[in-house]
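Colleague: One structure, as structure tokens, below. Some questions next.
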Amino acid sequence: MPRLLLTVALVLGLVASTAIAGPKGPEKVFAGKVIVSNKRFPTYAKSASAYVSAIKKQSKRDFQENKEDGTWKVYFAAFLNRPLDDLEVLIKLYDVSGHDKSLLATFEQYTDQRGQRTIISDFTLDKKQVGVNKSVIIEVEYKGTRLAAGQFRILGEGEHYSGKVNFSEDEEEDKE
């Protein structure tokens, strides 16, 4: 009988340790990180490890400008370092190309329910508003606390100037 109890105790101990250590889900692997991509992120996979692998594979750092409309479409998956106690977070984008960290844009992001640890969404940046060739930090904030962050670059072609000055007729008339 003691041998049977010992065997049962060992089996239960292995099951409990497997449940606790278990396979790491994306919320643990990417905790506190914002992953960016040029394609929509999947919302499910066959297993936690398959989902983690898909996110890593899709992750991107550099984004090329859409030359037709002068924009960048950025998809993001934010894996919060703790469950969200609300339905709203603040997304902040900072330019960190130079020595200073300057705010580029801020927008609110809403979730489906309280307690979420992952936010999957997208945004579009306009060249006229943010410029080109910048390193950008994306932060997810809740009540002034950073829950996740990531970094990417927006690349594009800057303005070309010929060096020639062309006065309009109105300006010439004003001179006379």
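Colleague: Within the stretch 50-88, track down each residue that is surrounded by fewer than 14 Cβ atoms within 10 Å (Cβ to Cβ) and among the hydrophobic types (A, V, I, L, M, F, W, C).
Modeller: Residues satisfying the conditions are 50, 87.
Colleague: Kindly indicate whether any position in the stretch 46-60 is at pLDDT below 90 and either assigned to a helix (DSSP H, G or I) or more than 25 Å from residue 73 (Cβ to Cβ) (or both).
Modeller: Within the stretch 46-60, not a single residue is at pLDDT below 90 and either assigned to a helix (DSSP H, G or I) or more than 25 Å from residue 73 (Cβ to Cβ) (or both).
Colleague: Quickly run through the stretch 89-108 and pick out the residues that are more than 21 Å from residue 154 (Cβ to Cβ) and either aliphatic (A, V, I, L, M) or surrounded by 11 or more Cβ atoms within 10 Å (Cβ to Cβ) (or both).
Modeller: 89, the sole residue that qualifies.
Colleague: Same structure again: Quick check, is residue 98 modelled with pLDDT under 90 and either closer than 29 Å to residue 145 by Cα or out of contact with any helix residue (DSSP H, G or I) (no Cβ under 9 Å at 6 or more places or on another chain) (or both)?
Modeller: So residue 98 passes the test.
Colleague: Same structure again: Somewhere in the stretch 51-68, is a residue aliphatic (A, V, I, L, M) and in contact with a Leu (Cβ under 7 Å, 6 or more places away or on another chain)?
Modeller: Looking through the stretch 51-68, none of the residues is aliphatic (A, V, I, L, M) and in contact with a Leu (Cβ under 7 Å, 6 or more places away or on another chain).
Colleague: Restricting the stretch 102-124 to residues that are polar (S, T, N, Q) and in contact (Cβ under 8 Å) with a residue 40 or more places away in the chain, which is farthest from residue 38 (Cα to Cα)?
Modeller: 118
Colleague: Go through (1) of a type in the set (Ser, Thr, Tyr); (2) over 18 Å from residue 152 (Cβ atoms); (3) loosely packed, with under 15 Cβ neighbours inside 10 Å for residue 111 and report which single condition fails.
Modeller: Going through (1) of a type in the set (Ser, Thr, Tyr); (2) over 18 Å from residue 152 (Cβ atoms); (3) loosely packed, with under 15 Cβ neighbours inside 10 Å one by one, residue 111 breaks only (3).
The values are calculated or read from the model by the stated rules, or taken from the named source; none is laboratory data. As the structure is a computational prediction, the values presented were derived from the model and not from experiment. Note that we place each Cβ from the backbone using ideal geometry, even for glycine, and neighbour counts take in every protein chain shown.
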